[in-house]
Amino acid sequence: MVPRRDAVRCDVQARKALPMHVLETPRLILKPPTPRDEQLLHGLHSDPLVTTSIRDGISPTVEQSKAELRQYINHWERVRFGPWMVFVKEDGRARKFAGSCGLVICGANLPEDPDNVELVFCLHQRDCGKGIGPEAGRAVARFAFEHLKLEKISAFIRPSNTRSLRAAPKVGFKYVGPCIYNDMERKQFELTYASYMKPVVDQVLTLR
């Protein structure tokens with residue numbers, strides 16, 4: 001049996017040999033990012049709701065979006081997980097881009113626990129309120145616990161981001177308390193393997 005771990009502390013070279021999985025749920029397909037996703041990511045991060053909720057009201061430049069996409073891809077290349085690009089299915093294929101959702105290592109954002117793995121998601125305003133965020137989040141949580149064998153994952157949400165605060169419990173997260181993340185006040189949530197098994201996941205997930 002593969003032991004569970006509190007965080008991802010493993011040989012980077014060994015992880016580079018692992019596949020980069022696509023996740024599929026009844027309504028969604030989650031794909032690892034590629035360089036071709038520049039316009040999709042720039043459009044997402046320029047969405048008025050996104051800039052207000054998580055970017056301090058500042059829209060990124062095209063070059064900033066390219067740099068962020070490169071960070072996503074580098075994260076995937078290093079540890080074989082990261083933010084997925086989320087697409088709504090039509091006729092079984094990925095059609096409409098809805099946003100991003102995935103797992104990232106906290107690093108310098110959380111100096112007291114830099115190896116902690118957090119779940120992050122970001123949706124276009126037009127796709128909010130349709131259950132897409134929770135569905136994608138549950139798929140990613142399932143990947144974290146069943147494939148990565150993590151003991152827990154976290155979420156750090158701005159107090160003003162009411163949509164994400166409402167969505168987190170629908171994924172299965174429990175509120176822990178306030179914290180400082182990236183030198184900013186956040187609300188910290190956690191989802192453990194034990195609570196995930198109760199069961200949080202209510203959907204079919206396909207890995208490919």
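Computed quantities for the displayed model
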quantity: Residue in the range 102-118 that is modelled with pLDDT of 95 or more and farther than 23 Å from residue 152 by Cβ present; calculated: no
quantity: 2 or more residues among the basic types (Lys, Arg): qualifying strands (runs of 3 or more DSSP E) within the range 118-198; calculated: 184-192
quantity: Criterion violated by residue 46 - all others in (1) crowded, with 20+ Cβ neighbours inside 10 Å; (2) at pLDDT 95 or above satisfied; calculated: (1)
quantity: Filter result for residue 95 (basic (Lys, Arg) and part of a helix (DSSP H, G or I)); calculated: no
quantity: Verdict on residue 88 being closer than 23 Å to residue 135 by Cβ and touching a helix residue (DSSP H, G or I) at 6+ places or on another chain (Cβ under 9 Å); calculated: yes
quantity: Matching residues, the range 102-143, being in contact with a Pro (Cβ under 7 Å, 6 or more places away or on another chain) and either over 19 Å from residue 180 (Cβ atoms) or of a type in the set (S, T, N, Q) (or both); calculated: 102, 125
quantity: Residue satisfying all of: in the range 104-118; of a type in the set (D, E, K, R) and free of Cβ contacts under 8 Å to residues at least 40 places away in the same chain; surrounded by the fewest Cβ atoms within 10 Å (Cβ to Cβ) among these; calculated: 112
quantity: Residue that is surrounded by the most Cβ atoms within 10 Å (Cβ to Cβ), among those in the range 60-103 that are of a type in the set (D, E, K, R) and free of Cβ contacts under 8 Å to residues at least 60 places away in the same chain; calculated: 68
quantity: Residue match in the range 170-189 (condition: within 27 Å of residue 29 (Cβ to Cβ) and either over 16 Å from the mean Cα position of the chain (by Cα) or surrounded by fewer than 19 Cβ atoms within 10 Å (Cβ to Cβ) (or both)); calculated: yes
quantity: Within the range 47-81, considering residues that are part of a loop (DSSP other than H, G, I, E, B) and basic (Lys, Arg), the one farthest from residue 102 (Cα to Cα); calculated: 55
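The values are calculated or read from the model by the stated rules, or taken from the named source; none is laboratory data. The shown structure was predicted, so the numbers you read here are calculated from the model rather than taken from an experiment. Using ideal geometry, Cβ is built from the backbone for each residue, glycine included, and neighbour counts are taken over all protein chains shown.
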